[in-house]
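Have a look at the structure below, then the notes.
The values are calculated or read from the model by the stated rules, or taken from the named source; none is laboratory data. Quick caveat: nothing in here was measured; it's all calculated off a predicted structure. Cβ sites come from the backbone with ideal geometry, for glycine too, and all protein chains shown count toward neighbours.
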Amino acid sequence: MIRIIPEQDKIYRMEIKMHMPHDSIFAFLQKRGYEVKPWLYIFEDTSFPNGTTLHEQWTFTATRTGEEQSSKTLFLIVFENELKELLREIK
């Protein structure tokens with residue numbers, strides 16, 4: 001759903017709500033020059049009362065040539081940044 005709402009004179013607010021499968025996100029990232037690869041995300045949680053706990057989660061990263069897989073290249077973070085960049089082109 002895309003909704004355009006007038007805010008002020010010559011100013012509009014755009015609201016977008018979409019449901020997308022992984023495949024569509026991966027295809028978009030690949031078209032923008034990313035390689036999408038599986039990655040075991042291991043992170044530490046210190047919110048437990050008895051100290052730290054390690055968590056593991058399989059996910060995907062989107063990297064360009066020369067980039068290492070990391071929490072900064074998680075595919076949803078990269079996807080969000082690419083969408084923001086695409087929307088900035090409209091401004």
Within region 81-91, residues among the acidic types (D, E) and modelled with pLDDT of 95 or more come out as E82
If we keep only residues of region 45-70 that are surrounded by 10 or more Cβ atoms within 10 Å (Cβ to Cβ) and at pLDDT below 85, then the residue nearest to A27 (Cα to Cα) is D45
Out of the residues in region 21-70 meeting the condition of being among the hydroxyl-bearing types (S, T, Y) and not in a strand (DSSP E or B), tell me which one is nearest to E82 (Cα to Cα). Y34
